Amino acid sequence: SWFNGEEAEQGALPSYLLRVDTLIDQLKPRLQQLQGITGRSNAMVACYPGGGARYVRHCDNSCDAGSGNRCNGRRLTAILYLNCDWQPGDGGELRLFEPFAPPGRPPLADVQPLADRVVLFFADYRVPHEVLPSHADRLAVTLWYFDEEERRQARATGAEALAEDRLESEAIEAEIQRFRQGRGTRNLRC
């Protein structure tokens, strides 16, 4: 599901969004690559329902100077994990690869989806990643921060990319609906 942080009764979500926004604002003057960030997406709150659910290797943005396959202007990805009882063997780790690494090359890191862990990484070709198969419920909140100029160029030339983003959003929402139908809407809070 998608949230902007202003919805009624979203618990700690607005506070989390404000804290991450503040962190990004504090990082921008220190990192040249973040100085063009002027906005972010709504928060995507997702549950991988276990049973091997995963997300294959990809980059969140394949832009190069405002053009390219899946060009959308995303500069930075921020993920907050909400998995209070995560244990080794539950799966759902975030696997990070080096840029342009061929299949079969070992990953740079596997990040465990521990509760209250925040992970920041560049959304483009610099950080290809995947979610490993999850064997227990895996909860996460994801935000994407946009570079203003790249997003403007992407919007001017990338109606196809925006349509692809819309399809990705619909696929994620369908996954959530399948989860709810199969497991109900029980409280997944810590």
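The values are calculated or read from the model by the stated rules, or taken from the named source; none is laboratory data. Computed from a predicted model, the values in this text were never measured in an experiment. Note that we place each Cβ from the backbone using ideal geometry, even for glycine, and neighbour counts take in every protein chain shown. Just so you know, the surface numbers come from the protein's heavy atoms only, side chains and all, with ligands and any DNA or RNA stripped out. Shrake-Rupley method; radii C 1.70, N 1.55, O 1.52, S 1.80 Å.
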Within the stretch 96-125, can you find the residues that are under 25 Å from ARG19 (Cα atoms), of a type outside the set (Phe, Trp, Tyr) and touching a residue at least 24 places away in the same chain (Cβ under 8 Å)?
LEU96, GLN112, PRO113, LEU114, ALA115, ASP116, ARG117, VAL118, VAL119, LEU120, ALA123, ASP124
I'd like to know if the stretch 101-121 contains one or more residues that are touching a Lys or Arg at 6+ places or on another chain (Cβ under 8 Å), modelled with pLDDT of 95 or more and aromatic (Phe, Trp, Tyr).
no
Being among the hydroxyl-bearing types (Ser, Thr, Tyr) and open to solvent by 70 Å² or more (accessible area, probe 1.4 Å), is that true of even one residue in the stretch 10-29?
no
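What about ARG54, is it among the basic types (Lys, Arg) and in contact (Cβ under 8 Å) with a residue 60 or more places away in the chain? Lay out the reasoning, then the answer.
Details: among the basic types (Lys, Arg): yes; in contact (Cβ under 8 Å) with a residue 60 or more places away in the chain: yes.
For ARG54, the condition - among the basic types (Lys, Arg) and in contact (Cβ under 8 Å) with a residue 60 or more places away in the chain - is met.
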